[in-house]
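As structure tokens, the structure follows; a few thoughts come after it.
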Amino acid sequence: MVYSGLAVGLADELYSTLQSLATQYNLCFTASVSVREADYLLNHQTFHLLIADLDYLRDKHQAGWLSGIRRISFIPVIILSDAPESNISGMVRIGADICVSAKWPYSIIANLTYAQLRRYTQYNHYSEPGGAGVSSFQIGDIFIDPARRTVEVCGQPVSLRPREFSLLLYFMRNPKIVLTSEQICEHAWEMEGSYNRGVSGPVALLRKAIEPDIANPRYIETIPRIGYRFTAYHDETCDDCSSSVGLL
């Protein structure tokens, strides 16, 4: 499998060297020319790693952008900094996994990058007590594997963007419970103070991906003026849905 990495604000020489070294790890980078483009890419593509230059973000007055990454993705976040000792505490608090010196040899940066990728894509802790939260499970027609970020509906694979994946996971961990927009924002995406934006858009995209008939949803029920409920619908044959599930 070829993994995808997103690079934000890296110097051309570092990016080309990192891209070359990363090929041995089946990792291919995409360079984002702006924070806005990075947001778009994270919302519309699947990435397995993000590496960003902190000084670049500060020059663009976008250092705070990093705090929103965890709302849409759980990918490893590597921050490059000319002064990692001073920045690591703040970076970890807003969601970074590691803060390394941009002055280090590129080979070291590449090895650390691969180490983060390996932890995210290959390691799991299913045998550990704390692994229950990432173990795969199935409710009704839908199977989900949080660690591998995979979903199947009626045995058919479905591709979800990070935001919709987190939404489905939250629904499936709370089946047949009416969930308000506030609860969804806080627990599915760890967002606060954004309830007025609503969740109707992400719900619509999720329905488009998993519902056999969007006009008559069977998995996600709308509760007027309150929120939504995951109904955990189960059809023993499931013949009618296997050919009509959508892909995002």
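The values are calculated or read from the model by the stated rules, or taken from the named source; none is laboratory data. Keep in mind the model is a prediction, meaning the values are calculated, not measured. Glycine also receives a Cβ, built like all others from the backbone with ideal geometry; neighbour counts cover every protein chain displayed. Each accessible area value is taken on the protein alone, full model and side chains, heavy atoms only, with ligands, DNA and RNA left out. Shrake-Rupley method; radii C 1.70, N 1.55, O 1.52, S 1.80 Å.
Below 10 angstrom from the Cβ of Gly9, what's the summed charge of the other residues (Lys, Arg +1; Asp, Glu -1)? Around Gly9, the charge tally is -1. Phi-derived couplings, Karplus 6.51 cos²θ - 1.76 cosθ + 1.60 at θ = phi - 60°, listed residue by residue for the range 45-50: 9, 9, 10, 10, 6, 10 Hz, with x used for Gly and Pro. Put a plus charge on the Cβ of each Lys and Arg, a minus charge on the Cβ of each Asp and Glu, and nothing anywhere else: the dipole of the range 1-108 about its Cα centre is then about 340 debye. Near Ile98, the amide H atoms lying under 5 Å from its own belong to Val77, Ile79; only residues 5 or more places off or on other chains count, and H is placed 1.01 Å from N. Give the lysines reachable from Lys60 as a straight Cα distance under 29 Å; neighbours fewer than 8 places away on the same chain don't count. Correct list for Lys60: Lys103.
Between the amide H of Leu10 and those of Asp53, distances stay under 5 Å, these residues lying 5 or more places away or on another chain, with hydrogens modeled in the peptide plane. For the range 67-116, the equivalent ellipsoid built from the Cα gyration tensor has semi-axes of 19, 14, 7 Å, listed from largest to smallest. Remark: the range 141-148, residue by residue, has Karplus-estimated 3J(HN,Hα) of 7, 10, 10, 9, 10, x, 5, 9 Hz, where x stands for each Gly or Pro and the curve is 6.51 cos²θ - 1.76 cosθ + 1.60 at θ = phi - 60°.
Couplings 3J(HN,Hα) of the range 92-109, computed from phi: 5, 4, 9, x, 5, 8, 7, 10, 10, 6, 5, 8, 5, x, 4, 5, 5, 4 Hz, in residue order, whole Hz [Karplus 6.51 cos²θ - 1.76 cosθ + 1.60, θ = phi - 60°; x for Gly and Pro]. Given a 1.4 Å probe and every protein chain left where it sits, what share in percent of the accessible area of the range 1-83 is carbon and sulfur? Here carbon and sulfur together make up 49 percent of the probe-accessible area.
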